[in-house]
Structure formats: C-alpha cells, structure tokens
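S.K.: Mind having a look at this structure? Questions to follow.
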Amino acid sequence: MEDDLKKISDGALRDENGHLCLEGVPLEKVAKDYGTPCYLYSHQVLTNRINSLQAAFAPLSPLICYSVKANSNLTILKLMKHYGLGLDVVSEGELRRAIKVGFPSMKIVFAGVGKTTQEIDLAVKHQIFCLTVENEEELAQVEERAIKNRSCLRCLLRLNLDIDIDTHHYVKTAKKESKFGLDLTTAARLLTRRKKWLGARIVGIHFHLGSQIKETIGYELALKKAKAFCQENNFTPEILDIGGGFGIHYAPQDQVCPITTFASVIKEALARWAKVKLVLEPGRYLVGNSGFLLTEVLYIKQRPDGKTFVIVDAAMNDLVRPSFYNSYHHILPVRKTLGGTFVADVVGPICETGDYLARERRLPGSLKRGDLLVIAGAGAYGFSMASNYNSRRRPCEILVQDKNTSLIRKRESFSDLWRLEEL
C-alpha cells in the first residue's frame with residue numbers, strides 16, 4: 001500500500017491510522033471544509049518534481065518552460081516562477097496569464113498551430129524568447145506583424161519528424177498525419193530563404209513527440225533525425241526546443257523511465273551537436289502526480305445481472321481524461337475498510353454513457369453512500385480541461401502545504417454559469 005502511494009504521489013499521500021492524508025491533511029477534513037468534488041494539489045510533490053527535473057538536466061543548462069495547458073492556475077504558475085522556470089504558452093489567454101504572474105518575457109515560448117494576428121502582435125509587443133512556426137503562411141504573418149510593429153521576433157521551425165511513440169493516438173504529435181509541424185521538405189525550403197526575413201528571425205528548430213512518453217527511444221530517434229536535417233541544410237541552430245512529454249505513474253505498476261534516464265539520453269545525443277540553447281516544455285511531469293480529485297459516493301447501483309455502478313458527485317466535466325482518452329486514474333477509498341471487495345464502474349451524474357471515471361475497478365465491499373474516494377494523477381489536464389457541461393459548476397482548487405490548505409480557486413456559483421449571458 002505505501003509503495004503504491006509513493007509511486008502515484010511521491011509519498012505525499014499517506015495512510016495515517018486508516019485515513020488517507022495529503023501532506024498530513026486528512027482528506028475527510030478537506031471534504032468537510034470545502035465540499036466535493038474538489039481538486040487538491042500537493043506543494044511537496046510540485047517542488048520535488050521541479051527540483052528533480054532541474055537537477056537531472058542541470059549539465060545542459062536548459063530553459064525549462066512549464067507547459068501552461070497542463071494546469072493554468074495562477075498560484076501554480078507563481079510557484080513555477082518562484083523556482084526559476086519559464087512558460088510554454090499556446091494561446092493569448094495563456095500568454096496573458098504569464099504576463100499577469102510577472103514572468104520575464106525572455107522566459108516565454110509560444111507554440112500552437114493556429115496563432116491569430118492579435119496573438120502574434122502580443123508576442124511581438126512583449127518580445128518573448130521565441131515563437132514556434134507551424135506553417136509557411138504563419139511565418140509570413142509573423143514577418144508582416146513584426147515589421148509593422150518595427151520589431152523582430154526569434155522563430156523556431158517546428159519539424160514534423162514522422163516518429164511514432166507508444167502513447168494514446170490523440171496525444172501523438174509527431175506523426176506525419178497529425179496537424180502539427182512542418183514537413184521536412186517545406187522546412188528545408190524555408191531555411192534557404194531565412195536571410196530574406198527581417199521581422200521573423202529563424203534561429204532554431206522545435207519538435208514535440210507527444211505526451212505521457214514512458215521510454216527514451218523516441219527522443220533518441222528525434223534528435224538523430226533533427227541533427228541530420230540541420231546538417232543536410234547547412235543550418236546551425238541557436239535554439240533547440242525538444243518539447244516535453246515525460247511520462248508519470250498513473251498506476252503503481254506503470255513502467256516509466258526515471259527523469260534522470262531521459263536527461264542522460266538527451267545529454268548524450270546533444271554531445272554530438274554544436275553549441276545550442278536547449279529548451280524543454282514539461283507539463284504533466286511537473287504537475288500530474290501532484291493533483292487529486294476528491295469525490296463523494298452518491299449511490300451504489302446494482303443490476304440483476306451483477307453489474308455494479310458506483311455513482312459519485314464528480315463527472316466527466318470535472319475530469320474528462322477517462323472518457324476522452326480511456327485513461328487510467330488510480331482510485332482509493334479515503335477511509336480504510338476491512339472485508340471483501342467488489343468490481344464496479346465509477347461513474348458520474350452526467351447524461352452521457354461515456355461519463356465514467358473508471359471501469360471494472362475493484363473497490364471495498366463496504367463502500368456506501370457518503371463515503372469518499374480520491375482520484376490520483378489529476379494534476380495535469382484535469383481542471384484545465386474541465387467544463388460546465390450539463391450546467392455543472394466547476395470545482396474548487398486547493399493547495400496543500402505542510403498540513404495547511406489554501407483555496408486557490410473558488411468553486412463556481414450557479415450565477416457564474418450564466419454571468420456572461422444576455423436574457
């Protein structure tokens with residue numbers, strides 16, 4: 001039990017006398033104080049992950065830009081800033097969050113396949129570290145807007161290296177059939193014209209393989225292929241952005257390479273490159289195992305054929321990953337129970353057959369209405385992908401630190417649901 005908890009929470013979630021506690025805070029107390037469903041984040045896990053990532057890659061002196069899309073809460077961003085990280089943004093809203101928190105412009109990178117004119121103008125205005133270019137028309141747009149604003153902007157060409165990795169097909173971003181990046185022929189042609197661009201200064205390349213990557217082979221292949229591309233086109237990049245995607249333990253039995261192994265492989269590959277500024281864009285690795293979704297059992301529904309549903313007050317609008325990606329999240333009872341177990345689907349109240357948080361999951365036989373369950377691995381792409389579907393209010397967010405809790409986002413009120421609407 002303790003080994004399982006350590007793998008899915010870096011040891012921040014513990015069983016204390018039969019009651020689960022996060023950094024010493026009983027989850028039953030959190031439910032009583034803040035209600036359910038609610039998101040909790042462990043400060044201990046967040047800082048441990050930041051420190052481990054920085055230590056692993058220290059020999060390469062990279063610019064580590066936390067991927068805002070994973071979890072965009074301002075308090076989380078402020079913590080990243082405190083520890084010296086930069087930000088990877090993909091929209092004007094994320095860029096404005098970065099500005100609000102006070103991130104230095106030279107620690108912000110902007111990616112994304114569909115940047116608007118307004119977004120490009122904002123990037124130029126704030127002179128961010130660099131902008132990733134995904135297509136030829138976009139490069140022309142950056143050139144036009146930079147010149148109009150009497151400025152220039154460092155740009156990276158995002159390469160589609162057509163590399164497959166072992167992850168869900170929705171988060172594979174380096175296959176040729178995906179919408180991301182430039183094919184190598186187009187990228188090579190743009191490089192031949194790079195000296196003609198005055199506002200869009202092409203200074204490097206970018207690739208991103210995907211998300212929840214558990215082994216290193218993809219990075220080895222990508223770095224080899226990217227290096228060959230640069231050599232063939234007589235291009236010495238000043239900046240090399242290799243994205244993020246480092247995997248985490250969603251289940252205790254998951255086999256995931258340690259971050260030190262990823263760093264070692266990348267360091268060895270880069271030893272054969274000319275001096276280049278490395279940029280990393282981790283998101284899930286930093287916040288995924290720090291987050292938990294706390295939920296209460298509403299009903300236990302048993303069918304005559306033996307199928308059982310545990311209906312809880314959290315739903316796919318709160319955590320969409322199981323429905324969207326068929327993702328596994330470890331689920332535990334907050335209070336330890338004795339006796340047997342039963343197998344059930346853990347589902348929410350949403351009017352969709354796909355509204356489930358777990359399927360065929362073994363749970364304590366004594367589980368009943370009013371009991372609490374905690375869903376682990378919910379720190380990344382949890383709240384940031386939440387919605388108001390079925391006119392449900394999005395949950396509150398709580399930061400837990402040294403046996404203390406802080407409300408970092410209020411639970412939405414019902415009036416928030418129609419606040420922007422006109423009757």
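The values are calculated or read from the model by the stated rules, or taken from the named source; none is laboratory data. Here the structure is a predicted model, which is why all the values come from computation and not from measurement. All Cβ positions, glycine included, derive from the backbone under ideal geometry; neighbour counts span all protein chains shown.
S.K.: Among the residues of region 196-236, write down those that are surrounded by fewer than 22 Cβ atoms within 10 Å (Cβ to Cβ) and assigned to a loop (DSSP other than H, G, I, E, B).
M.R.: W197, L198, G199, K214, E215, T216, N233, N234, F235, T236
S.K.: Out of region 143-165, which residues are surrounded by fewer than 22 Cβ atoms within 10 Å (Cβ to Cβ), part of a loop (DSSP other than H, G, I, E, B) and not hydrophobic (A, V, I, L, M, F, W, C)?
M.R.: Matches in region 143-165: N149, R150, S151, D162, D164.
S.K.: Sticking with this structure for a sec: Of the conditions (1) more than 18 Å from the chain's Cα centre (by Cα); (2) closer than 18 Å to F292 by Cα, L40 clears all except one; give me its number.
M.R.: Unmet for L40, out of (1) more than 18 Å from the chain's Cα centre (by Cα); (2) closer than 18 Å to F292 by Cα: (1).
S.K.: What residue, of F262, F309, is surrounded by fewer than 16 Cβ atoms within 10 Å (Cβ to Cβ) and touching a residue at least 12 places away in the same chain (Cβ under 8 Å)?
M.R.: F309
S.K.: Could you list, in sequence order, all residues of region 323-347 that are aliphatic (A, V, I, L, M), under 20 Å from D4 (Cβ atoms) and in a strand (DSSP E or B)?
M.R.: I331, L332, V343, A344, V346 - these are the residues of region 323-347 that are aliphatic (A, V, I, L, M), under 20 Å from D4 (Cβ atoms) and in a strand (DSSP E or B).
S.K.: Among the residues of region 260-269, is there at least one that is over 30 Å from G377 (Cβ atoms), of a type in the set (A, V, I, L, M, F, W, C) and either in the same structural domain as H330 (by TED's automatic domain parsing) or in a helix (DSSP H, G or I) (or both)?
M.R.: Checked against the condition, which is being over 30 Å from G377 (Cβ atoms), of a type in the set (A, V, I, L, M, F, W, C) and either in the same structural domain as H330 (by TED's automatic domain parsing) or in a helix (DSSP H, G or I) (or both), region 260-269 yields no hits at all.
S.K.: Quick one: W273 ticks every box in (1) surrounded by fewer than 24 Cβ atoms within 10 Å (Cβ to Cβ); (2) closer than 30 Å to L157 by Cα; (3) at pLDDT 95 or above; (4) among the hydrophobic types (A, V, I, L, M, F, W, C) bar one, so which box is it?
M.R.: Among (1) surrounded by fewer than 24 Cβ atoms within 10 Å (Cβ to Cβ); (2) closer than 30 Å to L157 by Cα; (3) at pLDDT 95 or above; (4) among the hydrophobic types (A, V, I, L, M, F, W, C), W273 violates only (3).
S.K.: Taking the residues in region 256-303 that are within 14 Å of the chain's Cα centre (by Cα) and among the polar types (S, T, N, Q) as candidates, determine which candidate is farthest from G245 (Cα to Cα).
M.R.: The extreme case among them is S290.
S.K.: Just to be sure, is D371 outside the structural domain of K69 (by TED's automatic domain parsing), of a type outside the set (V, I, T) and under 21 Å from Y34 (Cα atoms)? Talk me through it step by step, then tell me what you get.
M.R.: Working: outside the structural domain of K69 (by TED's automatic domain parsing): yes; of a type outside the set (V, I, T): yes; under 21 Å from Y34 (Cα atoms): yes.
Taking the combined requirement at face value, the residue satisfies it.
S.K.: Now a separate question. Would you mind stating whether S406 is assigned by TED's automatic domain parsing to the domain that holds M316, surrounded by fewer than 16 Cβ atoms within 10 Å (Cβ to Cβ) and not in a loop (DSSP other than H, G, I, E, B)?
M.R.: yes
S.K.: Something else: Can you tell me how many residues within region 350-372 are more than 24 Å from the chain's Cα centre (by Cα), closer than 16 Å to Q302 by Cα and not hydrophobic (A, V, I, L, M, F, W, C)? Spell out how you get there, then give the answer.
M.R.: Step one: of region 350-372, the residues more than 24 Å from the chain's Cα centre (by Cα) are 350-353, 360-372.
Still in the list and also closer than 16 Å to Q302 by Cα: 360-369.
Checking which are not hydrophobic (A, V, I, L, M, F, W, C) leaves us with 360-362, 364-366, 368-369.
Residues meeting the conditions: 8.
S.K.: Let me ask something additional. Being hydroxyl-bearing (S, T, Y) and under 19 Å from Q44 (Cα atoms) is the filter here, so list the residues in region 395-423 that pass it.
M.R.: T405, S406
S.K.: Considering every residue within region 277-294, establish whether at least one is touching a strand residue (DSSP E or B) at 6+ places or on another chain (Cβ under 8 Å), at pLDDT below 95, surrounded by fewer than 22 Cβ atoms within 10 Å (Cβ to Cβ) and not charged (D, E, K, R).
M.R.: no
S.K.: Test V347 against the criterion of being among the aliphatic types (A, V, I, L, M) and free of Cβ contacts under 8 Å to residues at least 40 places away in the same chain, and give yes or no.
M.R.: When the stated conditions are applied, V347 passes them.
S.K.: Among the residues of region 227-239, are any under 28 Å from T47 (Cα atoms) and in contact with a Leu (Cβ under 7 Å, 6 or more places away or on another chain)?
M.R.: Yes, because at least one residue in region 227-239 is under 28 Å from T47 (Cα atoms) and in contact with a Leu (Cβ under 7 Å, 6 or more places away or on another chain).
S.K.: Same structure, new question: Does at least one position in region 374-395 carry a residue that is among the polar types (S, T, N, Q) and on the phi > 0 side of the Ramachandran plot?
M.R.: Checked against the condition, which is being among the polar types (S, T, N, Q) and on the phi > 0 side of the Ramachandran plot, region 374-395 yields at least one hit.
S.K.: Continuing with the same structure: Scan region 11-37 for residues that are surrounded by 20 or more Cβ atoms within 10 Å (Cβ to Cβ) and touching a helix residue (DSSP H, G or I) at 6+ places or on another chain (Cβ under 7 Å) and jot them down.
M.R.: Within region 11-37, A12, L13, L20, C21, E23 qualify.
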